[in-house]
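Presented below is the structure to which this report refers.
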Amino acid sequence: MELGVLPRTDKQLLHFEAWLHCRLTELDGSPHLPLLRQLGTGHQLPTLRRRATRRPLTPSARRFASEELTRASEFPTWLNARNTDLDQLAQTDIDEWHTTHLSREIRSLRAFLNWAMATGRAPRLHLPAQQTRRGQVLTQRRRLELVRKVLNSGYPARLQMAACLMLLYAQPDRPPHPRRHHRGIAGEVITRLGEPPTPVPEPFDELFLQAKEERAGLAMGANPDSRWVFPSRRAGQPITQQTLANHIHDLGIPAQAARTAAL
């Protein structure tokens, strides 16, 4: 793929396509198979393909899509046990499901219910609001303390930069799109987090340039011309989200709270 011999494709998308094929095969003979095939091939796959054109899918996105189909395969059976079908779904059924299942099961079924209602496969009913847990609150003072901790951590510059991107610019704990850090016309360091480019203040400017040089030193073997900020040893691929998240966690940074405080 990196040499242009094969068309580019998304690794997580391939994993989901293979899983979906196996799962639908396992459900052969189920009265709900046509519904689940329409959900998987007619809704989930096109949605994931559109997302993959914007940025690589994460393992968690692929796993959640699998959970959605798994939950969708369970729900009609649960309804049948209540002597009803999807096209006869009632508000009492929705309310009962939400009060007798775990929050993750409720979240993973929500997309299926919205799809079924939008396509006329189920009556339009009210879905209870999703319960959100209140996360850790990070004060500005604590955020600055974490920034100082990162700069004195002794970690490789590219990992310090990943933490600073989160603490300063609210960037997520996953490998960002290919982007360059370079000096602008006035000599300041510019980073591309979007448009327009963002100037990087001192002392982070030199750190970002150092990370760029360090990145170039890592782009060897299968990745000699990698444009990723965090290249891996696989051709054309960044390091995994979990690897980067683990490094940031090791620095003692609460990811969600850090991003919220930076906004």
Assuming 0.36 nm per residue, please report the length gained on full extension of the stretch R121 to T92 beyond their Cα-Cα distance. 8.7 nm
Using 0.36 nm per residue of separation minus the Cα-Cα distance, give me the extension gain between R50 and L151 in nm, one decimal. 32.6 nm
Quick one: which residues, 5 or more positions from R82 or on another chain, have an amide H under 5 Å from its amide H? H modelled 1.01 Å from N in the peptide plane, none for Pro or chain starts. none
Work out from phi, with θ = phi - 60° and the Karplus expression 6.51 cos²θ - 1.76 cosθ + 1.60, the ³J(HN,Hα) of each residue of the stretch 77-85, listed in order in whole Hz, and give x for Gly and Pro. 5, 5, 5, 4, 5, 9, 6, 8, 10
Packing-ranked peptide list from 42-54, 153-165, highest mean Cβ count within 10 angstrom first, is 153-165, 42-54
T41-E202 FRET efficiency (beta carbon distance; Förster radius 51 Å; 0.05 resolution): 0.45
I need the per residue convex hull volume for the stretch 11-118, using only the alpha carbons, in cubic angstrom as a whole number. 102 Å³
Around S153, with a cut-off of 14 angstrom between Cβ atoms, what is the net charge of the other residues, counting Lys and Arg +1 and Asp and Glu -1? +1
Please find the FRET efficiency linking N83 to H15, where r is the Cβ-Cβ separation and R0 is fixed at 30 Å, and quote it to the nearest 0.05. 0.20
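Find how much the distance from H249 to R110 grows on full extension, using 0.36 nm per residue of separation minus their present alpha carbon separation; answer in nm with one decimal. Write out the running numbers ahead of the final one.
Numbers: separation 139, 0.36 × 139 = 50.04 nm, distance 3.00 nm.
Net length gain for the segment: 47.0 nm.
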Ranking F208, F112 by Cβ neighbours within 10 Å, fewest first, what do you get? F208, F112
Cut-off under 5 Å, modelled amide H: who pairs with V189 long-range: G184, V200
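Computed from the coordinates by the stated procedures, all read-outs in this text should not be read as laboratory data. Note that the coordinates shown come from a computational prediction; the quantities given were computed from them, not determined experimentally. Glycine gets a Cβ as well: all are built from the backbone with ideal geometry, and neighbour counts include every protein chain shown.
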